[in-house]
1. Provide, in order from the shortest bin, the percent of all Cα-Cα pairs of segment 246-308 in each 10 Å bin, continuing until the bin that contains the maximum pair distance.
2. What does the charge count near residue 39 come to, summing +1 for each Lys or Arg and -1 for each Asp or Glu among other residues with Cβ under 14 Å from its Cβ?
3. If you average the sequence gap of Cα pairs under 8 Å that are 6 or more apart and divide by the length of segment 43-104, what percent do you get for the contact order?
4. For segment 43-104, what's the radius of gyration and Dmax over Cα atoms, in angstrom?
5. To two decimal places, what compactness ratio does the chain give when its Cα radius of gyration is scaled by 2.2 N^0.38 Å?
6. List the aspartates and glutamates whose Cα sits under 14 Å from the Cα of residue 309, skipping any in the same chain fewer than 8 residues away.
7. Can you give the angle from 0 to 90° between the axis of helix 14-27 and the longest principal axis of the chain, with both taken from C-alpha atoms, to the nearest 10?
8. Just to verify a number: FRET efficiency for residue 155 and residue 91, C-beta to C-beta distance, R0 = 41 Å, to 0.05?
Amino acid sequence: MKRIFFSVDVHGSTLVWRKWIKAQETYKADVLILAGDLTGKVLVPIIKQNDGTWTAKYFGRKWVLKNETEVKEFEERLEGAGAYYIRVNKEELEELKANPDKVNKIMNEKMVERLRKWLDLLVENVNTKEVMTIVMPGNDDEFIIDDVIKEYEDRGVIYPLDKVLEIEGHEVISSPYVNPTPWNTPREMKEKDLEKHLKNLIKKLKDPENAIFNFHCPPYKTHLDLAPKLTKDLRPVVVAGMVEYEHVGSKAVRKIIEKYQPILGLHGHIHESGGVDKIGKTVVLNPGSEYSEGVLKAYIVEVDRDGLKKYWKIEG
């Protein structure tokens, strides 16, 4: 029997990453998985003022930070919520506003820096030579982070893409790709291309019906893929005071699961739709995400050589 601790969509939150690491010890997990969307989305400037204070805007308000202690506390709060930050003066801020390419370069550097810090923390606190530890990018992650994860493979961290792994006799294949989104994220494919990609992964398997599909994108029309319906300007559609939801998962992922009927589907991507569903005999899971609140959401899954035994949700 192997116990898997599966979480997704940490989006730059060091607080959630630390909880994920601690969960291995707390729940005696044999396999630790963080699958998809590792990096954050926001760079917050902390601006030096002429009077020696610093100002910033985040969490829905303006902050005035009077000294170094307050600045550091604010930076820690940003990091816990998944945001990146940079200290600048007013001239440097104007330069950044006029130079989007420079902002993107800084964002990439911040992503790499934080992920490397995270992976150091991981190998210092988890015996990754004994505990199978899988760290996978998702659709929101720039390709530059793949090489950072690979740097830690000789220390026991597993980069799962383009590999067939094994958990208790069950082959595991992984994919970070999703069907098209309104945000044009780095790892998207049209449905027909995504289906071809997944079929190529499955060709590597000896026994797909006995496998685990670790696909970041959830299958279409399940409890795992409901997200707010959006207008053309990306605002939620509200009807009678209620946000309207629609299914946004992948039809290709659903088709593949329907055809091959693996023992388990591990998914993420849609933060609002944490839960469980079944497609035929296949159990599919999405922990959901509240990374900006510092909340770790996960599923504990137990499998033996005969198949899936039980699963339950963890949140805190």
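1. Going out from 0 Å in 10 Å bins, segment 246-308 shows 19, 48, 27, 6 percent.
2. -4
3. The normalised contact order for segment 43-104 reaches 37 percent.
4. Considering segment 43-104 through its Cα atoms, Rg and Dmax are 11.6, 31 Å.
5. 1.04
6. Once the sequence-local aspartates and glutamates are set aside, what remains near residue 309 is 168.
7. The angle comes out at about 40 degrees.
8. Computed FRET efficiency for residue 155 and residue 91: 0.45.
Any read-out appearing in this document is the output of simple, stated calculations on the displayed coordinates, not a laboratory observation. Note that the coordinates shown come from a computational prediction; the quantities given were computed from them, not determined experimentally. In this analysis, Cβ positions are derived from the backbone assuming ideal geometry, glycine residues included, and neighbour counts consider all displayed protein chains.
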